[in-house]
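Take a look at the structure below.
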Amino acid sequence: MPDSKPGSADLYLSFACLFQRPDPDYANHFEEALTLWEQEIPSAGELVNDLRKLCQEYPPGEDRLNFFWEHYIPLFETGRVEAPPYASVYLDGEGLVMGRETLAVQAFYQTAGYTISDLKQELPDHLAVELEFAAVLAQAGKPELLKEFRQQHLLPFLRLILPRITGSKRPLFPLAAQVLSLWQLG
């Protein structure tokens, strides 16, 4: 089971960092995430190699950060957004942000004793926030809460959003989404 594997907190966090708005530090050190994925998700070897090739094409610095942004914005943020990163869009049946799933995820966080900082720029059901919460539960040694969260919220969301991401023509996020799928959905 993915949530009981050693290092799962780090894995969740590595994906959470990727699926949030691009961060220069994460982009510049993306190879560290790839090494972790390669070690913890052996079946992802070929995908990780393809991602390493992208890293070689876009070395750390402004070029790599721009590459991350170039692919993140149309996929998750503006224009004809290819894969809205909010669970409520997929799970509420209405295709809208701030739906029932947003409130259900927020209630789960609160019931588990966690709150999202007012400084957080994303909604509770954003893909990166849900992955980060899973990392927090894994790090805190709360396997039952993590299992419940995964079954009720994270996995249903991943089953719907990951195909949208992998269907994109952009190389970075579809490859990473395939790795996440191998790990979480098997």
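Limited to the range 16-47, what total is found for residues that are part of a helix (DSSP H, G or I) and touching a residue at least 40 places away in the same chain (Cβ under 8 Å)? Count: 10.
Figure legend. Inter-residue proximity from the range 49-77: first residues under 14 Å from Pro174 (Cα atoms) and crowded, with 18+ Cβ neighbours inside 10 Å, second residues at pLDDT below 95 and of a type in the set (Ser, Thr, Tyr), beta-carbon distance below 7 Å, spacing 6+ or different chains. Indicated pairs: Leu75/Ser168. Are any of the residues in the range 83-101 closer than 15 Å to Gln20 by Cα and surrounded by fewer than 16 Cβ atoms within 10 Å (Cβ to Cβ)? Taking every residue of the range 83-101 in turn, none turns out to be closer than 15 Å to Gln20 by Cα and surrounded by fewer than 16 Cβ atoms within 10 Å (Cβ to Cβ).
Residue by residue, here is whether (1) crowded, with 17+ Cβ neighbours inside 10 Å; (2) of a type in the set (Lys, Arg) holds:
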{"residue": "Ala9", "(1), (2)": "yes, no"}
{"residue": "Leu13", "(1), (2)": "yes, no"}
{"residue": "Arg21", "(1), (2)": "no, yes"}
{"residue": "Pro24", "(1), (2)": "no, no"}
{"residue": "Ala27", "(1), (2)": "yes, no"}
{"residue": "Glu31", "(1), (2)": "no, no"}
{"residue": "Leu34", "(1), (2)": "yes, no"}
{"residue": "Trp37", "(1), (2)": "yes, no"}
{"residue": "Glu46", "(1), (2)": "no, no"}
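The values are calculated or read from the model by the stated rules, or taken from the named source; none is laboratory data. Computed from a predicted structure; not experimentally measured. A quick note on method: Cβ atoms are made from the backbone with ideal geometry, for glycine too, and the neighbour counts reach across all protein chains shown.
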